[in-house]
1. Of the residues D61, D81, only one is over 30 Å from M162 (Cα atoms) and either outside the structural domain of S144 (by TED's automatic domain parsing) or more than 36 Å from the chain's Cα centre (by Cα) (or both); which?
2. Please verify whether region 87-100 includes one or more residues that are out of contact with any Pro (no Cβ under 9 Å at 6 or more places or on another chain), farther than 30 Å from T161 by Cα and not aromatic (F, W, Y).
3. Report yes if some residue within region 200-210 is within 26 Å of S259 (Cβ to Cβ), under 40 Å from the mean Cα position of the chain (by Cα) and part of a helix (DSSP H, G or I); otherwise report no.
4. Has region 53-65 got at least one residue that is touching a Phe, Trp or Tyr at 6+ places or on another chain (Cβ under 9 Å), surrounded by fewer than 19 Cβ atoms within 10 Å (Cβ to Cβ) and in a helix (DSSP H, G or I)?
5. Looking only at region 125-135, how many residues end up being more than 38 Å from the chain's Cα centre (by Cα) and more than 10 Å from I45 (Cβ to Cβ)?
6. Given the conditions (1) assigned to a helix (DSSP H, G or I); (2) surrounded by 14 or more Cβ atoms within 10 Å (Cβ to Cβ); (3) of a type outside the set (D, E); (4) modelled with pLDDT of 85 or more, and given that V112 satisfies all but one, which numbered condition is not satisfied?
7. Looking at this structure, is I86 within 19 Å of A42 (Cα to Cα), assigned to a helix (DSSP H, G or I) and out of contact with any strand residue (DSSP E or B) (no Cβ under 6 Å at 6 or more places or on another chain)?
8. Could you go through region 254-262 and let me know if any residue there is modelled with pLDDT of 85 or more, part of a helix (DSSP H, G or I), crowded, with 16+ Cβ neighbours inside 10 Å and under 44 Å from the mean Cα position of the chain (by Cα).
Amino acid sequence: MTVIQSHLKLYQRNWLSILFITLVVTAAFTQAVVSRSTATHAGTIFLSIGTKNATDSTSFDDFQAADQFTESVQGWFRNPDLLTKIAANLDQNKVSISARKQEKQNLVLTYVAKDEQSAKKIGEETIVALDKEIQDYNANTGKSFTIALSSTYVDTIPDRTMIFIAMGLILGIVAAIILTYVYEFLFGFTSFPKQVEQTLQKEATTKLVGELQYKNPTIIYISSKPKKAAKNTLAFPLDTREILKEKKEVIVIARLGKSKIQDLKNLKPLLPPEYVLVTEY
């Protein structure tokens, strides 16, 4: 059996736990994200910064100065003070506005709002607050910058619930698989046939081989959950090693995900020189 097949078998025998964890994580993630995503509209403001009384003969230095000033305006939107002023005019606790420079002297501001009216109001108050900031800057520096052009667009945000569900599903599957590995590792269970073979230092085969090889075998199940005992079947851990002294035809069945590595180590010195080792999923 290949490594990939061994891992797939692990998922198969733990499918119920994986499914449960996946559903819980998906539901919790989706609920958390959707409940916080109250915005239904997105606003975009396009701005052009220039100088007052600009004419065709305006010098290149003025255009360059306006271009550099646009970068300063972009930085203002990372200043909590400006955002606080805008939020106060909107009777909100806070507002988040992102600014990026598009081309020379042009800025693009983006934000989200709970409805169309709020989105338009944010756009209006943002332009008013920004214009006042520029006027204050001009008064303190003797410059003559101004908002040359401005336009605001409001769009409806598409419903992203299905996207959130898909993200939660992926996160849930990954979390469930990781927890499955962690659980079996922390509690000392055997997850793969190779672990059993390395612990007992014997190659595993199928149960059928042992039953064909022995006429009246003693079958030992290594499992944390006892299997219903059939004829000639023993449950392990054993109370005494005397039981195995008289047994020559022994089949040891290690149940992956149920057999503990420590139980295999305890059993190893009790086993006869020849026996059949079987891994069961």
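The values are calculated or read from the model by the stated rules, or taken from the named source; none is laboratory data. This one's a predicted model, so the numbers in the text were calculated from it and none came from an experiment. Don't worry about glycine lacking a Cβ; one is built from the backbone with ideal geometry, like all the others, and counts go over all protein chains shown.
1. After ruling out the rest, the residue left standing is D61.
2. Yes.
3. Yes - at least one qualifying residue is present in region 200-210.
4. Within region 53-65, one or more residues are touching a Phe, Trp or Tyr at 6+ places or on another chain (Cβ under 9 Å), surrounded by fewer than 19 Cβ atoms within 10 Å (Cβ to Cβ) and in a helix (DSSP H, G or I).
5. 7
6. Unmet for V112, out of (1) assigned to a helix (DSSP H, G or I); (2) surrounded by 14 or more Cβ atoms within 10 Å (Cβ to Cβ); (3) of a type outside the set (D, E); (4) modelled with pLDDT of 85 or more: (1).
7. yes
8. Yes.
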